[in-house]
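The values are calculated or read from the model by the stated rules, or taken from the named source; none is laboratory data. As the structure is a prediction and not an experimental result, all values here were calculated from the model. Cβ atoms come from the backbone with ideal geometry, glycine included; neighbour counts cover every protein chain shown. Accessible surface areas use protein heavy atoms only, side chains included; no ligands, DNA or RNA. Shrake-Rupley method; radii C 1.70, N 1.55, O 1.52, S 1.80 Å.
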Amino acid sequence: MGQVWGMPVVVGLGLVAAVAGWRRWTWQQRFKTLRSLPSPPGHWLLGHIPPLLAAVKNRQLFQILFDWSQAYGPRYVYWVGYPVVVLSQAKLIDNTIVQGTRDGSLTRTGQSQRAWNDLMGPIMIGQDGAEWQWRRKAWTPEFSSSGVNHYLTLVDQSCTQVIAQLHAAPTDQPLPVDPLFVELTLRVIAALVLGIPIDPAQPSPEGPPLEIEPTYNAMSVLTYRFLRVAVGEKPWQKYLPTPSARAYWAARRHFETCLQSRVDLALRLRDGDLAAQAQASPLFQQSMVVKIAAKEPRYSRATLLPEIVEMLIAGTDTTAHTLSFAVGELALNPQVFETARAEVDRAFEHHGTLTLASLKELSYLQGVIKETLRLYSVASGTTSLQVTRDMVVDDLAVPAGTRLFWSMLGAGRDPDAYPQPHRFWPDRWLSGDRHSPTPPMIDFGSGPHRCLGEHLAMLEATLMLAQMLRHFDWELVNGRSSLENLKQNLLIYPVDRMPIYVKPRQG
Ligand code: HEM
């Protein structure tokens, strides 16, 4: 009897082994051009999954990608069941994304799309093709350069609130500035998108008041979960009885409670509901949620609410931490500080205050912000791309099925694009000419999904830094370590929240 069954089992096992061997062989053949690339040492079976998961757990995925780029050069590969080619040269990243998305050889990976759309529901950054296009078309005019200029007064009001907080701070005690910038950016984006007054003392009749800390905590929970799902956590894990799943649902509930009545009111205004018109304040009536709801009938409650959460998230951490890093670099580079301050003083002397015209005169200060983004690219590699058909990247044949990713920290320190990369040198961004063109600026992304809020971010950061330079001197409590000790939920932040000693300007 044993012999009767023995033969088919042996044949069956042999067949399974042959199929597995053949599949492995074809897989190796398919990706064999990538074997010539440098690669960190990996596990024979699990490849690079263990160190990457450990990096995500430690909230430092950006750091391992950067460390590997320093060790293995500007093009390396890691293996996580499939190959991921990591680039860290600014021009190469830019050209590859722009051309690859244009000719269709690159597309956003299903994994990162799923991770985005599982924050709260389908959102612009998680879409492609027609579904992305109508969303982007609706929002683009609001965030264009002329669009955001309308909001100068609101942004200025929010900066003035921060200045008042800085004046009130004791000069001999450490003051972490990062939370102040989080409050600034959250109040601004909530005012623009939802019509919530910048001044917390003013009522907002359309819904609950904006609570900075719980809202920021909810954002951190959602963005850290994005990172985990983007690198392999399964979306269904949110249904398990775990602390992280509970935190996820609590974060979603927080946003629903805060936003639902406002989104519903915007939709009722679209429908011409007279009672809604009586309830809505002028600030709300001019807000983006009302304009977008009126303009784009495809937005319903189920799609508009997640999109608003996307705007709140995209508009807060990014600009806030960039401001913190800029404050840090200004403190460590007295000459840059004095040059930026002299430029701000000149603008104030010409115009008496900061206006749209005076902002145009602050190109050195804008160089400070770009230099900060180059070194601390806060939105460091939010989305990976997938090669849909064989392509060539910098003379390297990259087969379909490969993923492409970037080390933005590595790219920012690429000596070919940015000579003396470790020097904080805003002059490199001052308008170039044919002989010395300005360097590539990729920290707002490349290709069609390039940042929607770039102009708003620049406006906020310029106004805030100009006001600080005009009114205060400051030094870092922890010195350079504030700029070296970094983590991420999704976006990179200074772990110590950038404490400074601040005092009113001398002389
Ligand atoms: C210093 C500040 C900022 C940085 C460095 C930054 C960076 C980026 C990057 C790199 C992308 C591309 C992501 C990708 O390709 O997947 C992006 C997209 C986006 N950003 Fe920003 N961002 C900043 C501020 C803002 C602000 C203030 C807003 C305002 C709402 C905003 C809204 C968005 C949106 C909606 C997208 C998705 C666009 C699309 O999918 O078409 N960002 N940003």
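Of all residues in region 226-248, those satisfying the criterion of being of a type outside the set (Gly, Ala, Ser), assigned to a helix (DSSP H, G or I) and within 22 Å of the chain's Cα centre (by Cα) are 226, 227, 228, 229, 235, 248.
Pairs linking a residue in region 374-393 that is in contact (Cβ under 8 Å) with a residue 24 or more places away in the chain and in the same structural domain as residue 443 (by TED's automatic domain parsing) to a residue that is within 8 Å of the ligand (Cβ to nearest atom) and among the basic types (Lys, Arg), with Cβ atoms under 7 Å and 6 or more positions apart or on different chains, are 383/108; 385/108.
Taking region 369-392 only, how many residues are outside any loop (DSSP other than H, G, I, E, B), open to solvent by less than 30 Å² (accessible area, probe 1.4 Å) and within 13 Å of the ligand (Cβ to nearest atom)? Within region 369-392, residues that are outside any loop (DSSP other than H, G, I, E, B), open to solvent by less than 30 Å² (accessible area, probe 1.4 Å) and within 13 Å of the ligand (Cβ to nearest atom) number 7. Here residue 306 meets the list (1) more than 14 Å from the ligand (Cβ to nearest atom); (2) in contact (Cβ under 8 Å) with a residue 12 or more places away in the chain almost entirely, failing just condition (1).
Check 76, 151, 82, 72 and return the single one that is over 21 Å from residue 228 (Cα atoms) and at pLDDT below 95. Sole residue among the options that is over 21 Å from residue 228 (Cα atoms) and at pLDDT below 95: 151.
Taking the criterion of being within 19 Å of residue 223 (Cα to Cα) and either in contact with a Ser or Thr (Cβ under 8 Å, 6 or more places away or on another chain) or assigned to a helix (DSSP H, G or I) (or both), the residues of region 42-63 that qualify are 52, 53, 54, 55, 56, 57, 61, 62, 63. Mind listing whichever residues of region 330-381 are touching a Pro at 6+ places or on another chain (Cβ under 9 Å) and aliphatic (A, V, I, L, M)? Within region 330-381, 336, 340, 365, 368, 369, 375 meet the criteria. A count restricted to region 86-111 and to residues that are within 12 Å of the ligand (Cβ to nearest atom) and buried (at least 22 other Cβ atoms within 10 Å of the Cβ) stands at 3.
Criterion first (free of Cβ contacts under 8 Å to residues at least 60 places away in the same chain, within 27 Å of residue 444 (Cα to Cα), out of contact with any His (no Cβ under 9 Å at 6 or more places or on another chain) and assigned to a helix (DSSP H, G or I)) does residue 343 satisfy it? Yes, satisfied.
Quick one: how many residues across region 393-421 are in contact with an Asp or Glu (Cβ under 8 Å, 6 or more places away or on another chain) and surrounded by 14 or more Cβ atoms within 10 Å (Cβ to Cβ)? It would help to see each step written out before you state the result.
From region 393-421, those in contact with an Asp or Glu (Cβ under 8 Å, 6 or more places away or on another chain) are 397-400, 408, 412, 421; that's our starting set.
From what is left, the residues that are surrounded by 14 or more Cβ atoms within 10 Å (Cβ to Cβ) are 398-399, 408, 412, 421.
The total comes to 5.
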